[in-house]
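Right, one structure below, let's go through it.
The values are calculated or read from the model by the stated rules, or taken from the named source; none is laboratory data. These figures come from a predicted structure and were not determined experimentally. Cβ coordinates were reconstructed from backbone atoms using ideal geometry, including for glycine residues, and neighbour counts include every protein chain displayed.
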Amino acid sequence: MPTPPPPAPGTSRPAAPAHQAVTGPVVRGYERYAAQAAQWTRGYEARGGHVYCGAGCFACCDMPIRVSLAEALITAQAITPEQARRVEDHARAVQANARTAPDEDAYVARHREDVSFCPLLDRETGSCSQYAARPTRCRDTFSAFSAHYCAVGTWESMGRRERAEYRREVARTPGTDGEVHFIAPLEHLSEPIWAAASRAMRSQWGLEVWGDFWTLTTLAADPAFMARVVAGDRRGAAGRARQLGLGHPVTLEME
Ligand code: SF4
Ligand code: SF4
């Protein structure tokens, strides 16, 4: 999280970070999730389950990520100006993919192969450079198989027999949904964070904004975009996003 600004002259309390009424419930949701996920994981491991995720593991950091604007604000307030520039470059690559991908499968595949890894990933250490401000999806994705199965290209390179074996393995691994190797209960535990974001945006702005992580993190730092959001001006906010070249409907949804 960013260092709070110094107190204004004549006051002893620091100013609250901008949009705290929207970000606060999400931050509290992150804290509750961390405690609940740790407790669930202890029980899972006591029953013989294994969570493969750990420090330096990052094969999943090239996946598209959907967030609320509430989460994007938290990231936007934490990143450095240099990181913000790289996030914006990434957002522009996401926009190009959204404009040209023929369908959702192609969008996801191209994101992983061409748009590639999140610019907040430290490629030398394999760690997230904004761990405390990462969005929900980065917190609730856990794997019951090794990172090899999370990496782009693994599924595509499997033959029919290997895919059948993968499906059998997934089906007999506790904690999965029986279809894929990610740990379903750890994903379900994050649902209150999505709900908190939704309620906070609706009550403060009268609208909800969802979309691509890097696009929304860039828009969250744009005062003109945020002024329209705060005013509940959907059309104005969408127009401002389009003016910035960040308004593709695949990456920006307003409800
Ligand atoms: S989800 Fe997969 S790639 Fe991501 S940290 Fe876990 S094991 Fe590693
Ligand atoms: S925010 Fe961090 S954890 Fe999430 S994709 Fe980027 S580098 Fe990975």
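Quick notes on this structure:
- Where G175 falls short, out of the listed (1) more than 16 Å from C53 (Cβ to Cβ); (2) more than 16 Å from ligand 2 (Cβ to nearest atom): (1)
- Residues in region 123-134 that are at pLDDT 95 or above and either away from ligand 1 (no atom under 14 Å from the Cβ) or crowded, with 21+ Cβ neighbours inside 10 Å (or both): S129, Q130, A132, A133, R134.
- No other residue among R137, R112, R99, R92 is within 15 Å of ligand 1 (Cβ to nearest atom), part of a helix (DSSP H, G or I), touching a residue at least 40 places away in the same chain (Cβ under 8 Å) and closer than 20 Å to T218 by Cβ apart from R137.
- Flag for A197 being farther than 26 Å from E253 by Cβ, away from ligand 2 (no atom under 16 Å from the Cβ) and buried (at least 22 other Cβ atoms within 10 Å of the Cβ): no
- Region 235-246, subset more than 18 Å from the chain's Cα centre (by Cα) and assigned to a loop (DSSP other than H, G, I, E, B), residue surrounded by the fewest Cβ atoms within 10 Å (Cβ to Cβ): G245
- If only residues of region 152-191 that are touching a Phe, Trp or Tyr at 6+ places or on another chain (Cβ under 7 Å) and assigned to a helix (DSSP H, G or I) are counted, the one that is surrounded by the fewest Cβ atoms within 10 Å (Cβ to Cβ) is P185.
- Count - residues of region 36-78 that are within 17 Å of R134 (Cβ to Cβ) and either without any contact (Cβ under 8 Å) to a residue 12 or more places away in the chain or within 15 Å of ligand 2 (Cβ to nearest atom) (or both): 26
- Of the residues making up region 79-99, just one is within 12 Å of ligand 2 (Cβ to nearest atom), surrounded by fewer than 19 Cβ atoms within 10 Å (Cβ to Cβ) and not polar (S, T, N, Q), namely R86.
- Single residue of region 140-151 satisfying the filter (within 16 Å of the chain's Cα centre (by Cα) and not in a helix (DSSP H, G or I)) that is surrounded by the most Cβ atoms within 10 Å (Cβ to Cβ): F142
- For region 54-72, filtering for residues that are buried (at least 16 other Cβ atoms within 10 Å of the Cβ) and within 10 Å of ligand 1 (Cβ to nearest atom) leaves 6.
- Being in contact (Cβ under 8 Å) with a residue 60 or more places away in the chain, of a type outside the set (F, W, Y) and assigned to a helix (DSSP H, G or I) is a description that applies to A196.
- Check on F142, closer than 29 Å to A237 by Cβ and not polar (S, T, N, Q): no
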